[in-house]
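The values are calculated or read from the model by the stated rules, or taken from the named source; none is laboratory data. None of these values were measured; they are calculated from a predicted model. Cβ atoms come from the backbone with ideal geometry, glycine included; neighbour counts cover every protein chain shown. Just so you know, the surface numbers come from the protein's heavy atoms only, side chains and all, with ligands and any DNA or RNA stripped out. Shrake-Rupley method; radii C 1.70, N 1.55, O 1.52, S 1.80 Å.
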Amino acid sequence: MESDVQQPTDDVSNSPKVTTALEPEARRQISPTTQSIEKGQWIVTQIFDFIVGLPDYVGTFFNTYKQLIISIAVIWGAAIALKIVLAIMEALNDIPLLGSTFELIGIGYCVWFINRYLLKSPTRQELAQKLEGVLKQD
């Protein structure tokens, strides 16, 4: 009894051995210059695709890490502001008599504040009421 199942034919073009055998020949047909040009075009295409998608990448990154980026920017800005203030204060202290004048003004204000608000009980209560008023406004 003969079976109706067809035996696989040995098709030379579909054979893996033939495909691998043809690859070096196909590669030999493409010159190194052509391969270099194709590789260069592929690299340029990849770079162009990245540049075109860059705004989307940056937008996604910013939306994902918005709070962290803002926090870092605020800390960085505060550090720069502090450095500027310290540089200005140092520059003012280098001016003769100006640093000493600021110290005398600060000491005078402290003496006035202690005398005005802290020495007597009614003025301490007045200061406490002012502080409560300021805290309630916030």
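Tabulated results
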read-out	value
Computed Rg/Rh of segment 76-138, alpha carbon atoms with Kirkwood Rh	1.18
Anisotropy class of segment 46-89 from Cα gyration tensor, a/c 1.5 cut	oblate
Net charge of Cβ neighbours under 14 Å - reference GLU126; Lys, Arg +1; Asp, Glu -1	+3
Rounded to the nearest 10 Å², the accessible area of GLU90 at probe 1.4 Å	120
Neighbour net charge for TYR109 - beta-carbon separation under 15 angstrom, K R +1, D E -1	0
Loop-located trypsin sites (Lys or Arg not before Pro) in segment 44-120, at most 12 other Cβ atoms within 10 Å (DSSP)	LYS120
Shape call, segment 24-138: gyration tensor on alpha carbons, a/c limit 1.5	oblate
Per-residue ³J(HN,Hα) for segment 108-123, Karplus 6.51 cos²θ - 1.76 cosθ + 1.60, θ = phi - 60°, Hz, x for Gly and Pro	x, 5, 4, 4, 4, 5, 5, 5, 6, 10, 9, 7, 10, 4, x, 6
